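Beneath this line is the structure, given in structure tokens, with notes to follow.
The values are calculated or read from the model by the stated rules, or taken from the named source; none is laboratory data. Keep in mind that what you see is a predicted model, and the values were worked out from it rather than measured. Here the Cβ positions follow ideal geometry from the backbone for every residue, glycine too, while neighbour counts run over all protein chains shown.
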Amino acid sequence: MSKVDYLIVGQGIAGSILSYQLLKKKKSFIVIDQGLNGSSSMVAAGIMNPLVLKRLTFSWRAEDFLSYNNTFYKELNSFFNQNFYSELKLEKVIKSEDELNYWKKKSLELHLSEYISEPTISSKSSIYNCYLGKVKHSSWINLNSFLKNYREFLNEKNLLVNESFDHKLVDLRKYKNIEFDKIVFCEGKNGHLNPFFDFVGFSPTKGELLTIESEDLKSKAILKKGVFILPIGNNLYKVGATYEWKWHSESPSQEKKELLIKLLKEIIDCNFTIINHEAGVRPSVKDRRPILGASPIIPNFYFFNGLGSRGCLMAPLLAKELIDSIENGTALHEEANLRRFLSRPS
Ligand SMILES: Cc1cc2nc3c(=O)[nH]c(=O)nc-3n(C[C@H](O)[C@H](O)[C@H](O)COP(=O)(O)OP(=O)(O)OC[C@H]3O[C@@H](n4cnc5c(N)ncnc54)[C@H](O)[C@@H]3O)c2cc1C
């Protein structure tokens, strides 16, 4: 029989970062995960951008997340002696006069000028004539590589159980041969199947992306217009992503592949080859806020989900805030607290 402070279900970015923070706090834990393939985190591009580019406003709590991430992800790199995380410029491809004027106006605003710069004409021959508006403080985590490395690390330390968690078999403080004080469910898109948190309202979104190879593109920044083009090294780029609220199959579709190619060709004017096409389901919520907190009925059962399309930006600080609330009774951010679902009609 193993005895731990925390049992964590799921090793996507939520469960991985939560358990890593527990490790740093010297809390004991075991992670149960049925396999990384097909999780939203394994498909995610890993871009962290603090702005909503259409309106040039900040995404929810963006500055809180940025200031925490800057230290957190660098420390993660040093802990594993890897470069999972790096700062990476993001450039908005601007083609219309209206958008250009809007960017120019916004880039002069006192606060926003720390995050965007006035657009300049692109000198890249691989992309169509346009202006590029630069976003400062954008970054990238190679999530695929981090999750695989972290899984290996957990395996070596005997902290991972590689199987599907069966909710019918869990007692108040025991699951099979594991005794725990607290259990945290970080199940991503499967969160809606969790019987202890069935009052939570999900609105999952399917997303698809391509990996392309192009010797001619030669972009070192993330390009964005309709789709993003993310350089991941060796002339490879991720191109995505689509958003779909209703779908027949979780597999990649021909329709979305064609859409991505069409949008890509509106930006770049060079040859490319498609290397891969993937799809995933983002664990999103209607009010587009994460879901954190304790079950109102079983107080040592916790939920960490609803990371939607910005899991990489939000997960580190939210994991810290959840641990602080569990260990020290600190109040969770009201908009992220799962208790908001209890007072709502379903
Ligand atoms: C196409 C696409 C592109 C994206 N791009 C970005 C991006 O650029 N930047 C960004 O920040 N976000 C991006 N996202 C969103 C991001 O993927 C999510 O916010 C994040 O990965 C959610 O992480 P999670 O850990 O909550 O869930 P998941 O990644 O889904 O992880 C859940 C884990 O729990 C496990 N699990 C579930 N149920 C059980 C069970 N019963 N037993 C055992 N294990 C279980 C699963 O196997 C999985 O490993 C993108 C998503 C998609 C689909």
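For the stretch 259-277, indicate whether the set of residues that are under 17 Å from His192 (Cα atoms) and surrounded by fewer than 20 Cβ atoms within 10 Å (Cβ to Cβ) is non-empty. No, the stretch 259-277 has no match at all. Of all the criteria given as (1) small (Gly, Ala, Ser); (2) at pLDDT below 95; (3) surrounded by fewer than 17 Cβ atoms within 10 Å (Cβ to Cβ), the one not satisfied by Ser145 is (2). When you scan the stretch 175-182, do you find a residue that is touching an Asp or Glu at 6+ places or on another chain (Cβ under 9 Å), farther than 23 Å from Leu217 by Cα, at pLDDT below 95 and not in a helix (DSSP H, G or I), even just one? No, the stretch 175-182 has no match at all. Counting just the residues of the stretch 165-180 that are surrounded by 11 or more Cβ atoms within 10 Å (Cβ to Cβ) and within 26 Å of the chain's Cα centre (by Cα), which one comes out nearest to Pro195 (Cα to Cα)? Among those residues, the one meeting the criterion is His167. Do we find a residue being surrounded by fewer than 18 Cβ atoms within 10 Å (Cβ to Cβ), assigned to a helix (DSSP H, G or I) and more than 11 Å from the ligand (Cβ to nearest atom) anywhere in the stretch 246-256? Yes, because at least one residue in the stretch 246-256 is surrounded by fewer than 18 Cβ atoms within 10 Å (Cβ to Cβ), assigned to a helix (DSSP H, G or I) and more than 11 Å from the ligand (Cβ to nearest atom). Among the residues of the stretch 68-92, write down those that are at pLDDT 95 or above and either in a helix (DSSP H, G or I) or farther than 27 Å from Pro316 by Cα (or both). The answer is Tyr68, Asn69, Thr71, Phe72, Tyr73, Lys74, Glu75, Leu76, Asn77, Ser78, Phe79, Phe80. How about the stretch 22-33: which of its residues are out of contact with any Gly (no Cβ under 9 Å at 6 or more places or on another chain) and either within 14 Å of the ligand (Cβ to nearest atom) or assigned to a strand (DSSP E or B) (or both)? Phe29, Ile30, listed by residue number. Scanning the stretch 186-211 for residues that are crowded, with 21+ Cβ neighbours inside 10 Å and aliphatic (A, V, I, L, M), which turns out farthest from Arg340 (Cα to Cα)? Only one residue fits best here, namely Leu210. Can you say whether Lys220 is outside the structural domain of Gly10 (by TED's automatic domain parsing), over 19 Å from the mean Cα position of the chain (by Cα), among the basic types (Lys, Arg) and not in a strand (DSSP E or B), as far as the supplied structure shows? Yes. Look at (1) in a loop (DSSP other than H, G, I, E, B); (2) of a type in the set (Gly, Ala, Ser); (3) crowded, with 18+ Cβ neighbours inside 10 Å and you find that Ala315 fails only one, number (1). Would a scan of the stretch 194-213 turn up a residue that is more than 10 Å from the ligand (Cβ to nearest atom), part of a strand (DSSP E or B) and small (Gly, Ala, Ser)? No, because not a single residue in the stretch 194-213 is more than 10 Å from the ligand (Cβ to nearest atom), part of a strand (DSSP E or B) and small (Gly, Ala, Ser). Looking only at the stretch 230-245, residues that are within 17 Å of the chain's Cα centre (by Cα) and small (Gly, Ala, Ser) come to 2 in all.
Scanning for something closer than 27 Å to Asn155 by Cβ and surrounded by 21 or more Cβ atoms within 10 Å (Cβ to Cβ), does the stretch 99-113 turn up at least one residue?
No, the stretch 99-113 contains no residue that is closer than 27 Å to Asn155 by Cβ and surrounded by 21 or more Cβ atoms within 10 Å (Cβ to Cβ).
Mind listing whichever residues of the stretch 278-289 are buried (at least 19 other Cβ atoms within 10 Å of the Cβ) and either outside any strand (DSSP E or B) or without any contact (Cβ under 8 Å) to a residue 24 or more places away in the chain (or both)? Residues satisfying the conditions are Pro283, Ser284, Arg289.
Take Arg340 and tell me if it is charged (D, E, K, R) and either in a helix (DSSP H, G or I) or more than 16 Å from the ligand (Cβ to nearest atom) (or both). So Arg340 fits the description; yes.
How many residues does the stretch 257-291 hold that are touching a His at 6+ places or on another chain (Cβ under 6 Å) and either within 12 Å of the ligand (Cβ to nearest atom) or within 17 Å of Gly188 (Cα to Cα) (or both)?
Qualifying residue count for the region: 0.
Can you find a residue in the stretch 226-235 that is part of a strand (DSSP E or B) and small (Gly, Ala, Ser)? Within the stretch 226-235, one or more residues are part of a strand (DSSP E or B) and small (Gly, Ala, Ser).
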